[in-house]
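The values are calculated or read from the model by the stated rules, or taken from the named source; none is laboratory data. These figures come from a predicted structure and were not determined experimentally. Ideal geometry is used to build each Cβ from the backbone, glycine not excepted, and the neighbour counts take in all protein chains shown. Note: accessible area is taken over every heavy atom of the protein model, side chains too, but ligands, DNA and RNA are not part of it. Shrake-Rupley method; radii C 1.70, N 1.55, O 1.52, S 1.80 Å.
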Amino acid sequence: MSFWLIQSLNSLALGGVLFTLAAGFSLIFGLMRIANLSHGAYFMLGAYVGLSVIEAGHSFFLAILAAAVAIGLLGCVVERVILRRLAGNSLSQVLATLGVAFVIADCSLWFWGGDPRPVAAPSFLAGGVQILGQTFPLYRIALVIFSIFVALGLWLLLDKTKLGVMIRASVDDRQMAQGIGVPATKLFSIVFCLGAALAGVGGIAAAPILSVYPGLDADMLPIALVVVILGGLGSLLGAFIGSFLIGFIYSFGQALFPDLAYIILFLPMLIILAVRPRGLFGKISA
Amino acid sequence: MLKKIHLKAVALAVTGALLTPAAFAADKAPIRVGFLTIKSGALAAGGKQMEEAINLFMKERNNTIAGRKVELFVADTSGQPAVTKTKTQELVEKDKVQVIIGPLAAFEAIAVDDYIKKVGVPVISPSAGAEDLTQRKPNPWFVRGVGSSAQPSHALGEYAAKDLKYKRIAIIADDFAFGHEIAAGFQRTFEENGGKVVQKLWTPLNVADYGTYIGQIKPNVDAVFAAFAGGNGVKFVKQYSEYGLKGKIPLLGAMTTVDEGILPFMGDDALGVISTGWYSANLNNAANAKFVKDFNTAYKKDPGYYSMGAYGAALMLEQALKDVKGNIEDKNAFMAALRAVQLPNDPRGKVTLDALGNPIMDIYIRKVEKKDGKLSNVVIKTYPAVSQFWTYKTKDFLSNPVYSRDYPPANNLEN
């Protein structure tokens, strides 16, 4: 009994981490059709920035804010200086984001060194709660709640604001939206910036669980891809459901079929793609 | 007439040049040492620690060993076997190195094994522990500066059964050769001394989170043996505590699980972890006191697995060069000297090599304690002069399959 409970909680926590990672990726892909391969690097860099803020003696919340601002700005710069010049050439854009990922990875190694760095959870979330005689880390529960807030915030932004209407219109039919006067270029900047900021926040939010180390970027990027492809490209609901689905598949798969740990992550994606090529909640792209 | 004399003079000069002893000419050229390390990717931390130790060694010797200048050629393999092979070829063919210290990871060592055999360049391994490199598939040009993977865990297995009186243990280890071999050595001696390994959990090397696995650890075991490489120990020890197991089930570790290289990042979660290894920064001998002091002065931290590995490899190189009076050009004589190296005053204690090129040295049982405000591996027991074959006969040991995920078979697993 407690096995199922603990693993379920683990799955939820992992799902929460994955959503903050995948939401930004999905947003950027939905609007710009760019598979942003630097997304994992933004995630890692967000964690490193947050770590430095915490080590300087500031609070965890300031760390989250700093990661959001720093990585959001970086995203802005990358979009303006590099991606915009390559507009319309999606292959070049994908390669450019891959290049950015390598640059970030090497700069991080140079600046923060190669040692793995654990990040402490904020003190009031340290420790655990007793559930059926087993201890479960409190921070993980907080993380699930946090990811639900992020999802709600994004939903409000996309569904209840004018900006959101424009973004959704552009995702649905970019040419038509441009035709009726939606400022697509400006939207691109805003969305890329927001997507990067989300990745940065995800990085520092997940750091107390994952630690920060060189290679974190490469470890997380494929999982983000799996989540987004499974959920449906460009669908936030898909990213949300996909995150928790993968969270469950990953945790239970590893626990019940330890020898198949790697297969378990990718097999569901393959099956769903074979049956439903646009993913669970993806729309048929124009 | 004049012409004749001139010719004679030239002939004489040429003969003279030919007759000059080769060693005289060699004295002038520096010894060329290749160093394979990793500066990027997940293993970069260990690579950096290795390089720090080598640089310290060279500085201490003023770049001179056995009376000859030494030139160091550093190559970054990125921890990718294909790159390791290219870099090794580059070192040998372009830089003309005469001996190589490296590479870091076992799969890298295996990747260059054939090439090393072919070109016959002496290699001293500063880290790679893969058992068969000095067992069933020895390479005449390869010696190890460090021990084999299971060499220290044989000792811990016996210690856990005999001294700690543990009966039931769960093993959790990295799912790759190094983790398999460490776990296998532990299981073998632990079970031969009456214990039972009742659970084995293999975690992928780049696992995002240990929560899934920690949730599965049986609550009714006497201890958990955790065998992790690189930075994974940091993550595991922290999460072990977060899930409330610290203080409930004692934690045992391999040398790398609580290595000095990662210990400063662990915090109090690591306190009390008992581990095994061929080194501790706390060892009480003159050579180590000097090594630790110099290392601390240079880098503000204690040396650990990777640093001691590279430093130990350099000490072996130095001893072998002294034994051949610096004449590394006689490759066969140098290799023979390398295989016969004896280091009575290594920071690890006394180190000699067995017939297959693997060190025989003391193995220490260590416990993480706080000393002068920082975490430290304090030695609580010493097993003297341990070989890679533990107490088994070499022939018997080698007639078994190499340690792996499934060998020796775990007959006491419970579901």
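Among (1) open to solvent by less than 10 Å² (accessible area, probe 1.4 Å); (2) at the interface with chain A (Cβ under 9 Å from one of its Cβ atoms); (3) touching a helix residue (DSSP H, G or I) at 6+ places or on another chain (Cβ under 8 Å), where does residue B:270 come up short?
With respect to (1) open to solvent by less than 10 Å² (accessible area, probe 1.4 Å); (2) at the interface with chain A (Cβ under 9 Å from one of its Cβ atoms); (3) touching a helix residue (DSSP H, G or I) at 6+ places or on another chain (Cβ under 8 Å), residue B:270 is out only on (2).
Going through segment B:228-280 one residue at a time, which ones are closer than 23 Å to residue B:206 by Cα and of a type in the set (Ser, Thr, Tyr)?
B:240, B:241, B:243, B:256, B:257, B:275
Has segment A:192-201 got at least one residue that is within 14 Å of chain B (Cβ to nearest Cβ) and either touching a helix residue (DSSP H, G or I) at 6+ places or on another chain (Cβ under 9 Å) or in a helix (DSSP H, G or I) (or both)? Lay out the reasoning, then the answer.
So the first thing to find is which residues in segment A:192-201 are within 14 Å of chain B (Cβ to nearest Cβ), and the list is none.
No, segment A:192-201 has no match at all.
Out of all the residues in segment B:137-149, is one or more under 13 Å from the mean Cα position of the chain (by Cα), among the charged types (D, E, K, R) and buried (at least 18 other Cβ atoms within 10 Å of the Cβ)?
yes
Within segment B:167-189, how many residues turn out to be farther than 20 Å from residue B:213 by Cβ and open to solvent by less than 40 Å² (accessible area, probe 1.4 Å)?
Matching residues across segment B:167-189 total 3.
Residue-wise test of (1) open to solvent by 50 Å² or more (accessible area, probe 1.4 Å); (2) within 20 Å of residue B:358 (Cβ to Cβ).
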{"site": "B:240", "(1), (2)": "no, no"}
{"site": "B:243", "(1), (2)": "no, no"}
{"site": "B:254", "(1), (2)": "no, yes"}
{"site": "B:279", "(1), (2)": "no, yes"}
{"site": "B:285", "(1), (2)": "no, no"}
{"site": "B:291", "(1), (2)": "no, no"}
{"site": "B:314", "(1), (2)": "no, yes"}
{"site": "B:326", "(1), (2)": "no, no"}
{"site": "B:331", "(1), (2)": "yes, no"}
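What about residue A:71, is it buried (at least 22 other Cβ atoms within 10 Å of the Cβ), touching a residue at least 60 places away in the same chain (Cβ under 8 Å) and part of a helix (DSSP H, G or I)?
Yes: the conditions hold for residue A:71.
Check whether at least one residue in segment A:251-262 is modelled with pLDDT under 80 and among the acidic types (Asp, Glu), and report yes or no.
Yes - at least one qualifying residue is present in segment A:251-262.
Residue-wise test of (1) of a type in the set (Val, Ile, Thr); (2) over 24 Å from residue B:406 (Cβ atoms).
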position	(1), (2)
B:114	no, yes
B:122	no, yes
B:127	no, yes
B:147	no, no
B:150	no, no
B:156	no, no
B:159	no, yes
B:166	no, no
B:171	yes, no
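Which ones in segment A:132-166 are among the hydrophobic types (A, V, I, L, M, F, W, C), within 14 Å of chain B (Cβ to nearest Cβ) and open to solvent by less than 40 Å² (accessible area, probe 1.4 Å)?
Within segment A:132-166, A:136, A:142, A:143, A:144 qualify.
Answer yes or no as to whether residue A:106 is more than 30 Å from residue A:55 (Cβ to Cβ), among the acidic types (Asp, Glu) and within 22 Å of the chain's Cα centre (by Cα).
Here the answer is no, as residue A:106 does not meet what is asked.
Could you grab me the full set of residues in segment B:45-60 that are more than 9 Å from every other protein chain (Cβ to nearest Cβ), among the charged types (D, E, K, R) and closer than 12 Å to residue B:299 by Cα?
B:51, B:52
State whether the residues of segment B:36-54 include one that is assigned to a strand (DSSP E or B) and in contact (Cβ under 8 Å) with a residue 24 or more places away in the chain.
yes
When residues of segment B:75-88 are filtered for being outside any strand (DSSP E or B), under 19 Å from the mean Cα position of the chain (by Cα) and more than 22 Å from residue B:335 (Cβ to Cβ), how many remain?
5
Could you count how many residues in segment A:202-231 are in a helix (DSSP H, G or I), in contact with a Gly (Cβ under 7 Å, 6 or more places away or on another chain) and farther than 23 Å from residue A:158 by Cβ?
Of the residues in segment A:202-231, 6 are in a helix (DSSP H, G or I), in contact with a Gly (Cβ under 7 Å, 6 or more places away or on another chain) and farther than 23 Å from residue A:158 by Cβ.
Residues in segment B:242-252: is at least one closer than 15 Å to residue B:153 by Cα and either touching a Phe, Trp or Tyr at 6+ places or on another chain (Cβ under 9 Å) or at pLDDT below 95 (or both)?
Yes - at least one qualifying residue is present in segment B:242-252.
From the list B:91, B:12, B:7, B:72, which one is aliphatic (A, V, I, L, M), modelled with pLDDT of 95 or more and not in a strand (DSSP E or B)?
Of B:91, B:12, B:7, B:72, the one residue that is aliphatic (A, V, I, L, M), modelled with pLDDT of 95 or more and not in a strand (DSSP E or B) is B:91.
Of all residues in segment B:200-228 being at pLDDT below 95 and over 26 Å from residue A:219 (Cβ atoms), which is nearest to the other protein chains (Cβ to nearest Cβ)?
Of everything passing the filter in segment B:200-228, B:219 is nearest to the other protein chains (Cβ to nearest Cβ).
Go through (1) without any contact (Cβ under 8 Å) to a residue 24 or more places away in the chain; (2) at the interface with another protein chain (Cβ under 9 Å from one of its Cβ atoms) one by one and return the number of the condition residue B:289 breaks.
(2)
Evaluate the following for residue B:264: is it more than 11 Å from chain A (Cβ to nearest Cβ) and open to solvent by 20 Å² or more (accessible area, probe 1.4 Å)?
no
Since residue B:35 meets every condition but one in (1) aromatic (Phe, Trp, Tyr); (2) surrounded by 14 or more Cβ atoms within 10 Å (Cβ to Cβ); (3) at pLDDT below 90, which condition does it not meet?
(3)
This table checks each residue for (1) over 23 Å from residue A:13 (Cβ atoms); (2) open to solvent by 30 Å² or more (accessible area, probe 1.4 Å).
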residue: A:237; (1), (2): no, yes
residue: A:240; (1), (2): no, yes
residue: A:246; (1), (2): no, no
residue: A:254; (1), (2): no, no
residue: A:260; (1), (2): no, yes
residue: A:263; (1), (2): no, yes
residue: A:274; (1), (2): yes, yes
residue: A:277; (1), (2): yes, yes
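Pick out the one residue from A:91, A:125 that is of a type outside the set (Lys, Arg), more than 10 Å from chain B (Cβ to nearest Cβ) and surrounded by 13 or more Cβ atoms within 10 Å (Cβ to Cβ).
On inspection, the qualifying residue turns out to be A:125.
So, in segment B:229-257, how many residues would count as being in contact with a Pro (Cβ under 8 Å, 6 or more places away or on another chain) and away from every other protein chain (no Cβ under 11 Å)?
Qualifying residue count for the region: 3.
Return yes when residue A:172 is open to solvent by 70 Å² or more (accessible area, probe 1.4 Å) and more than 13 Å from chain B (Cβ to nearest Cβ) and no when it is not.
Yes; evaluated as a whole, the condition is true for this residue.
Quick one: what pairs do we get from segment A:97-118, first residue more than 10 Å from chain B (Cβ to nearest Cβ) and over 24 Å from residue B:242 (Cβ atoms), second open to solvent by less than 30 Å² (accessible area, probe 1.4 Å) and of a type in the set (Val, Ile, Thr), C-beta under 8 Å, 6+ apart or different chains?
Within 8 Å, the pairs are A:97/A:34; A:97/A:78; A:100/A:78.
Based on this model, can you work out whether residue B:192 counts as of a type in the set (D, E, K, R), over 16 Å from residue B:368 (Cα atoms) and more than 11 Å from chain A (Cβ to nearest Cβ)?
Answer is yes for this residue.
Name the residue that is farthest from the chain's Cα centre (by Cα), counting only residues in segment A:74-103 that are modelled with pLDDT of 90 or more and polar (S, T, N, Q).
A:92
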